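For reference, the structure discussed in these notes is given below.
The values are calculated or read from the model by the stated rules, or taken from the named source; none is laboratory data. Note that the coordinates shown come from a computational prediction; the quantities given were computed from them, not determined experimentally. Don't worry about glycine lacking a Cβ; one is built from the backbone with ideal geometry, like all the others, and counts go over all protein chains shown.
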Amino acid sequence: MRIPILTSLALPLAACAGYAETAETPTDRMRQLTGGTCDADAVQGYLGREASDQIGAEIVDKSGAKTLRWGPPNSVWTMDYRSDRVNVQYDEAMTITEITCG
């Protein structure tokens, strides 16, 4: 009779025991899920160029981003942050004015 009682007392303690893993930041988790991050510094040379599908593809490739978000003039953007996305804003003349990540 003692063994089942002792086992039932020890079982909750065993559930608390485990191994410790290094804490993971949300950014680290996002990198694992998306497979990469954006580097806007690598594509600042595209500022002043005309926005086009070809230029967009080059920016995605050289920045390491997985997705591209175009920012037309006078548009409103959501504030969600994605480390794998490059944002390209352009003006009325289709000239690229800003390139950021997020």
| said: Filter segment 80-96 down to the residues that are farther than 14 Å from Leu47 by Cα and exposed (fewer than 14 other Cβ atoms within 10 Å of the Cβ) and list them by number. | reply: Asp80, Tyr81, Glu92
| Can you tell me which residue in segment 42-79 is nearest to Cys101 (Cα to Cα), limited to those that are assigned to a loop (DSSP other than H, G, I, E, B), without any contact (Cβ under 8 Å) to a residue 40 or more places away in the chain and among the aliphatic types (A, V, I, L, M)? | Ala65
| remark: Taking segment 52-78 and keeping only residues that are more than 13 Å from the chain's Cα centre (by Cα) and of a type in the set (A, V, I, L, M, F, W, C), one is left with Ile55, Ala57, Ile59, Val60, Trp70, Val76, Trp77
| query | Does segment 80-102 hold any residues that are touching a residue at least 60 places away in the same chain (Cβ under 8 Å) and not in a strand (DSSP E or B), and which are they? | reply | Gly102
| query | Can you find even one residue in segment 17-30 that is among the acidic types (Asp, Glu), surrounded by 10 or more Cβ atoms within 10 Å (Cβ to Cβ) and modelled with pLDDT of 95 or more? | reply | no
